[in-house]
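The structure appears right after this line, and notes come after that.
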Amino acid sequence: MPLPPSIDIQSSPQPITALFGEATGDQKLECYKLGATAFRTPLTTEQYIRREMFIDTLPLTRNGGWRFWCLYNKEQPKQVLATCKTIHRDLIVRDASGTKRRRGYCIASVVSDETHRGQGLASFMLKKVAEWMDGPGEGSASFVYSRLSSYYESRGWNVHPSWELLITTKTKEPTEKTNLPPTRLLKASDVPPLCHRDTERLVESTENRDFASDMTTIAVLPTAEIVGWLHGRGDFYASELHGRVTEFKGSIDEVAGVWIYWHHDFRRNQLVIQRISRPGNDEKDIEAIASLLLDARIEASAWNLSAVSIWSPDSHAEAAAARISALVPSEVIEKVQRKSGISMVRYTGGQRSESMVFEANEFYAWN
Ligand SMILES: CC(C)(COP(=O)(O)OP(=O)(O)OC[C@H]1O[C@@H](n2cnc3c(N)ncnc32)[C@H](O)[C@@H]1OP(=O)(O)O)[C@@H](O)C(=O)NCCC(=O)NCCS
C-alpha cells in the first residue's frame with residue numbers, strides 16, 4: 001500500500017514527518033482537543049469535546065456526514081499536528097447542461113498546533129482535502145466561512161459578498177409586537193415539512209431565474225438536516241451555558257407563506273436568521289418579513305442576545321428592517337461587512353468565480 005501524503009517540518013530535537021489522512025477513532029479525540037485550543041470559547045475544553053461528540057449524533061453529521069482530516073506525526077500517530085473537518089452539503093447546481101442535485105462540503109475548524117505554525121501544515125492539509133473533495137469525495141463545491149479571507153483566497157477559495165444586517169435595540173424595555181401581520185412561532189416539529197417546501201422553492205427559483213449559458217449557479221439546499229443541525233448545536237450551548245434548551249426555532253406568517261428559522265448563537269451573542277423563505281417576489285411580503293423579524297427581536301431579548309443578524313439581506317429584508325425601525329423607533333438597523341464568517345466558495349478543480357453565482361448565501365449554510 002502506498003504511504004499517505006507527507007510533509008516534513010522543523011521541530012526540536014529533530015524534524016517531524018507529518019502524514020495526512022482521515023482521522024482514526026483515537027486521532028478524532030486528538031482533533032477535538034486541538035480544535036478546542038482555537039474554537040472552544042465560551043465552552044471549557046471538556047464541554048467542547050462533549051459538543052463534538054454530541055454533533056457526531058445529529059442527522060447531518062452522523063454516519064460519515066462529517067469527516068475529520070489530520071496531519072499526524074509519522075512516529076507517534078496519536079500526535080495530531082493539524083486538523084479540519086468536511087461537513088456534508090446538498091447542492092443544487094444549474095449550468096448550461098441543466099439543473100442537478102450535487103454533493104458539496106463545508107470546511108470547518110481548520111487549526112494547526114501552535115508550536116508548528118507557519119511551516120505550511122494547514123496549507124498542505126487543505127490541498128490534500130481539496131484533492132479528496134475533487135476526487136473520491138465527488139464534491140461540486142466547498143464552502144469556508146472565516147475571517148481569514150486572504151489566506152483561503154490564495155489557496156483556491158473565492159470570496160463572495162458578505163454583508164449582514166444587524167438589528168439592535170436602544171432600550172432595555174422588551175420589544176413589543178406592533179400592528180403587523182399575525183405570525184406563529186415555530187417549534188422543532190414544524191421545521192422538517194417547511195424545509196421540504198423551502199427546498200422545492202429554492203430548486204424552482206434556481207431553475208426559473210434569468211440565466212446566461214456561460215454561468216453556473218450553486219446553492220446549498222436548506223434541508224431539514226442542515227437547518228436542524230444548527231438548532232441542535234444551539235441547544236447544546238443553551239443547555240451547557242443556561243441549563244435549558246430553546247423552544248422556538250423561527251416564525252411563520254401562514255397567510256403570506258413566508259417564514260424564517262433562527263439560530264441562537266451564544267458564541268457571538270446574536271440571534272442569527274438562518275433563512276428567510278418566501279414564495280416569490282411580491283412587495284406585500286415585506287410586511288410579513290417585518291413581522292417575523294420583530295419576533296426574532298423578541299426571541300433575542302428573551303435570551304439576552306444583543307442583536308439579530310441577517311446575512312446577505314436582499315431588498316425585501318432591508319425594506320422590512322426599515323419598516324421595523326419606522327414602527328419601533330428604539331430598534332437600530334445597521335448594514336455592515338462581516339468581519340468573521342466571510343463566505344468563500346471553491347468550485348471543483350479550483351475554477352475561478354467570474355462565471356459562478358452563489359445563490360442564497362444565507363446563514364443556514366454556515367458552519
Ligand atoms: C490559520 C492557521 C490554521 C494556519 O496554520 P499554519 O499551519 O500556520 O498554516 P500555513 O503554515 O500553511 O500558513 C501560514 C499562513 O497563515 C497566515 N495566518 C495565520 N494566522 C493568521 C491570521 N490570524 N490572519 C491572517 N493570516 C494568518 C500566515 O500569515 C501565513 O500566511 P502566508 O503563507 O501567506 O505567509 C493557524 O494559524 C491556526 O490554527 N490559527 C488558529 C485557528 C484559526 O484561526 N483557524 C482559521 C479559521 S477557520
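Can you tell me what share of the DSSP beta bridges in the chain is antiparallel? A percent to the nearest 5 is fine.
Values: 66 of 78 bridges.
The antiparallel fraction comes to roughly 85 percent.
Each Lys or Arg adds one and each Asp or Glu subtracts one; over the other residues with Cβ under 10 Å from the Cβ of P313, this totals -3. Taking other residues whose beta carbon is less than 10 angstrom from the beta carbon of K249, and scoring Lys, Arg as +1 and Asp, Glu as -1, yields -3.
With both residues required to sit in the range 248-367, DSSP beta bridges show an antiparallel share near 75%.
Over every Cα atom in the range 76-124, the radius of gyration and the widest Cα-Cα span, Dmax, amount to 16.7, 50 Å.
Rank-order 347-356, 270-279 by packing density, defined as the average count of other C-beta atoms within 10 Å over each peptide's residues, highest first. Walk me through the intermediate numbers first.
Values: 347-356: 14.0, 270-279: 23.3.
The most tightly packed comes first, giving 270-279, 347-356.
With the convex hull constructed from alpha-carbon coordinates only, the range 1-142 shows a mean projected area of 10.4 nm² over all directions. Taking every alpha-carbon pair under 8 Å whose residues sit at least 6 apart, the chain reaches a relative contact order of 21 percent. Given in Å, the Rg to one decimal and the Dmax to the nearest whole number for the Cα atoms of the range 131-269 are 18.8, 55. Here is the tail figure for the chain: Cα pairs spaced more than 35 Å apart come to 26 percent of all pairs.
Order by neighbour count: S162, S251, S205, S154, fewest other Cβ atoms within 10 Å first, most last. Don't skip to the answer; put the middle values down first.
Working: S162 19, S251 24, S205 16, S154 9.
In increasing order of surrounding Cβ atoms, one gets S154, S205, S162, S251.
Against the main long axis of the alpha-carbon atoms of the chain, helix 45-55 sits at an angle near 70°.
Calculated on C-alpha atoms, the gyration radius of the range 112-167 divided by its Kirkwood radius gives an Rg/Rh of 1.05.
Which of rounded, prolate, oblate describes the range 1-68, given a ≥ b ≥ c as roots of the alpha-carbon gyration tensor eigenvalues and a/c under 1.5 marking rounded, otherwise prolate only if a/b is larger than b/c? Cα axes put the range 1-68 in the oblate bin. Angle between the Cα long axis of helix 315-327 and the longest principal axis of the chain, 0 to 90 degrees, nearest 10? So the inclination is approximately 50 degrees. Classify the range 189-338 as rounded, prolate or oblate from the Cα gyration tensor: take a ≥ b ≥ c as the square roots of its eigenvalues, call it rounded if a/c is under 1.5, otherwise prolate when a/b beats b/c and oblate if not. Taking the square roots of the gyration eigenvalues as a ≥ b ≥ c, the range 189-338 is oblate. Among residues other than F124 with Cβ under 13 Å from its Cβ, the summed charge is +2 (Lys and Arg +1, Asp and Glu -1).
Of the residues E318, E334, the one with the fewest other Cβ atoms within 10 Å heads the list, and the complete ranking is E334, E318.
Computed from Cα atoms alone, the Kirkwood hydrodynamic radius reported for the range 254-367 is 15.3 Å.
Within the range 190-320, what percent of beta bridges assigned by DSSP are antiparallel, to the nearest 5?
Values: 11 of 15 bridges.
For the range 190-320, the DSSP antiparallel bridge percentage is about 75.
Which of the peptides 35-48, 85-98 is most tightly packed, and how do the rest follow, going by the mean number of other Cβ atoms within 10 Å of each residue? Working shown, then result.
Values: 35-48: 15.4, 85-98: 18.7.
Averaged packing, sorted descending, gives the order 85-98, 35-48.
All alpha carbon pair distances within the range 195-235 were sorted into 5 Å bins beginning at 0; the resulting P(r) in whole percents reads 5, 21, 22, 18, 14, 10, 6, 3, 0. For the chain, the longest principal axis of the alpha carbon atoms and the long axis of helix 25-39 meet at an angle near 60°.
Read-outs: derived from the displayed coordinates by stated rules, not from any lab. Quick caveat: nothing in here was measured; it's all calculated off a predicted structure. Here Cβ is always computed from backbone atoms with ideal geometry, including for glycine, and neighbour counts include all displayed protein chains.
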